[in-house]
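Inspection log for the structure reproduced underneath, given as structure tokens.
The values are calculated or read from the model by the stated rules, or taken from the named source; none is laboratory data. Bear in mind the structure is a predicted one, so any value in this text is a computation, not a measurement. For neighbour counting, all protein chains shown are included, and Cβ atoms are generated from backbone atoms with ideal geometry for every residue, glycine included.
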Amino acid sequence: MALRLKQLSSHLLTSSSNGFARTHPTGTTQSIRTMASAARKFEFLVVVPDFPGMREKRLEVRPTHFAGLKPHIDSGAFQMGGAVLSEVPADDEPSSLQFAGSTIIAVAESKEEVLAILKNDIYAQSGVWDVENAQIWPLKAAFRKAL
């Protein structure tokens, strides 16, 4: 049941579960979406495998990939990300890493939004990522601890 908030000349403004509704004296209703009723963003755990044999291509386009991440990091769309490795490395030099894919914690309104971001990344466009086999799950983190 709507709560009457305010009488505005000949229009009644009422709250609803998805914003406000304005009811004209004739009985017609117009929905008014507010920031509070904007689509809800949620965290997603993303795992994107690499295509086999793409290690050299990954290293080649890596600087472009990192540059492309910056807007997503700055906007808060990406909370965490990094390479998935097929084995524990002997050191942290990129040339000695055995890449298996990437993982990201993304904040978005939907899996489709996350997928669109992935498809626009240089890793996807240059054939490093196998985006069609990406796994994207809604995530409800129980804790976070910095390294």
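Go through the stretch 116-147 and count every residue that is closer than 15 Å to Val47 by Cα and either of a type in the set (Lys, Arg) or touching a helix residue (DSSP H, G or I) at 6+ places or on another chain (Cβ under 7 Å) (or both).
First, pick out the residues of the stretch 116-147 that are closer than 15 Å to Val47 by Cα: 116-119, 121, 123-124, 128-139.
Those left that are additionally either of a type in the set (Lys, Arg) or touching a helix residue (DSSP H, G or I) at 6+ places or on another chain (Cβ under 7 Å) (or both): 117-119, 121, 123-124, 128-129, 131, 134, 136.
Of the residues in that region, 11 qualify.
Just one of the numbered conditions (1) within 30 Å of Ala39 (Cβ to Cβ); (2) surrounded by fewer than 17 Cβ atoms within 10 Å (Cβ to Cβ); (3) not β-branched (Val, Ile, Thr) is not true of Arg62; which one?
Of the numbered conditions (1) within 30 Å of Ala39 (Cβ to Cβ); (2) surrounded by fewer than 17 Cβ atoms within 10 Å (Cβ to Cβ); (3) not β-branched (Val, Ile, Thr), the odd one out for Arg62 is (1).
Would you mention how many residues in the stretch 101-122 are among the charged types (D, E, K, R) and surrounded by 19 or more Cβ atoms within 10 Å (Cβ to Cβ)?
Of the stretch 101-122, the ones among the charged types (D, E, K, R) are 109, 111-113, 119, 121.
Okay, now just the ones that are also surrounded by 19 or more Cβ atoms within 10 Å (Cβ to Cβ), so 121.
Total meeting the criteria: 1.
Using beta carbons and a limit of 9 Å, which pairs, at least six apart or on different chains, have the first residue in the stretch 58-71 and in the same structural domain as Asp130 (by TED's automatic domain parsing) and the second one among the basic types (Lys, Arg)?
His65/Arg58
For Ile105, are the conditions met, namely being in the same structural domain as Ala77 (by TED's automatic domain parsing), assigned to a strand (DSSP E or B), within 13 Å of the chain's Cα centre (by Cα) and not polar (S, T, N, Q)? I'd like the intermediate steps shown before the answer.
On the way: in the same structural domain as Ala77 (by TED's automatic domain parsing): yes; assigned to a strand (DSSP E or B): yes; within 13 Å of the chain's Cα centre (by Cα): yes; not polar (S, T, N, Q): yes.
In short, yes.
If you check Ser95 against the conditions, is it part of a helix (DSSP H, G or I), of a type in the set (S, T, N, Q) and either assigned by TED's automatic domain parsing to the domain that holds Val46 or exposed (fewer than 14 other Cβ atoms within 10 Å of the Cβ) (or both)? Quick ask: steps written out before the conclusion?
Values: part of a helix (DSSP H, G or I): yes; of a type in the set (S, T, N, Q): yes; either assigned by TED's automatic domain parsing to the domain that holds Val46 or exposed (fewer than 14 other Cβ atoms within 10 Å of the Cβ) (or both): yes.
When the stated conditions are applied, Ser95 passes them.
For Glu113, work out the one condition from (1) without any contact (Cβ under 8 Å) to a residue 60 or more places away in the chain; (2) closer than 15 Å to Gly81 by Cα; (3) in the same structural domain as Ser75 (by TED's automatic domain parsing) it doesn't fulfil.
That leaves (2) as the condition not met.
Can you spot a residue in the stretch 124-131 that is assigned to a helix (DSSP H, G or I) and of a type outside the set (Val, Ile, Thr)? Walk me through how you get there before you give the answer.
Taking the stretch 124-131 as the starting set, the residues that turn out to be assigned to a helix (DSSP H, G or I) are 124-125, 131.
Still in the running and of a type outside the set (Val, Ile, Thr): 124-125.
Yes, the conditions are met somewhere in the stretch 124-131.
If you go through the stretch 123-142 one residue at a time, do you hit one that is of a type in the set (Lys, Arg), in contact with a strand residue (DSSP E or B) (Cβ under 9 Å, 6 or more places away or on another chain) and surrounded by fewer than 14 Cβ atoms within 10 Å (Cβ to Cβ)?
Initial filter on the stretch 123-142 (of a type in the set (Lys, Arg)): 140.
Filter once more, so that each one left must be in contact with a strand residue (DSSP E or B) (Cβ under 9 Å, 6 or more places away or on another chain): 140.
Checking the rest, the ones that are also surrounded by fewer than 14 Cβ atoms within 10 Å (Cβ to Cβ) come to 140.
Taking every residue of the stretch 123-142 in turn, at least one turns out to be of a type in the set (Lys, Arg), in contact with a strand residue (DSSP E or B) (Cβ under 9 Å, 6 or more places away or on another chain) and surrounded by fewer than 14 Cβ atoms within 10 Å (Cβ to Cβ).
I'd like to know if the stretch 68-82 contains one or more residues that are modelled with pLDDT under 95 and out of contact with any Lys or Arg (no Cβ under 6 Å at 6 or more places or on another chain). Give the steps one after another, and end with the answer.
First, the residues of the stretch 68-82 that are modelled with pLDDT under 95: none.
Scanning the stretch 68-82 turns up no residue that is modelled with pLDDT under 95 and out of contact with any Lys or Arg (no Cβ under 6 Å at 6 or more places or on another chain).
Might you let me know whether the stretch 72-84 holds any residue that is assigned to a loop (DSSP other than H, G, I, E, B) and touching a Phe, Trp or Tyr at 6+ places or on another chain (Cβ under 8 Å)? Full working, then the answer.
The initial filter retains those residues of the stretch 72-84 that are assigned to a loop (DSSP other than H, G, I, E, B), namely 76-77.
After this cut, where a residue has to be touching a Phe, Trp or Tyr at 6+ places or on another chain (Cβ under 8 Å) as well, the list is none.
Looking for residues that are assigned to a loop (DSSP other than H, G, I, E, B) and touching a Phe, Trp or Tyr at 6+ places or on another chain (Cβ under 8 Å), one finds none in the stretch 72-84, hence no.
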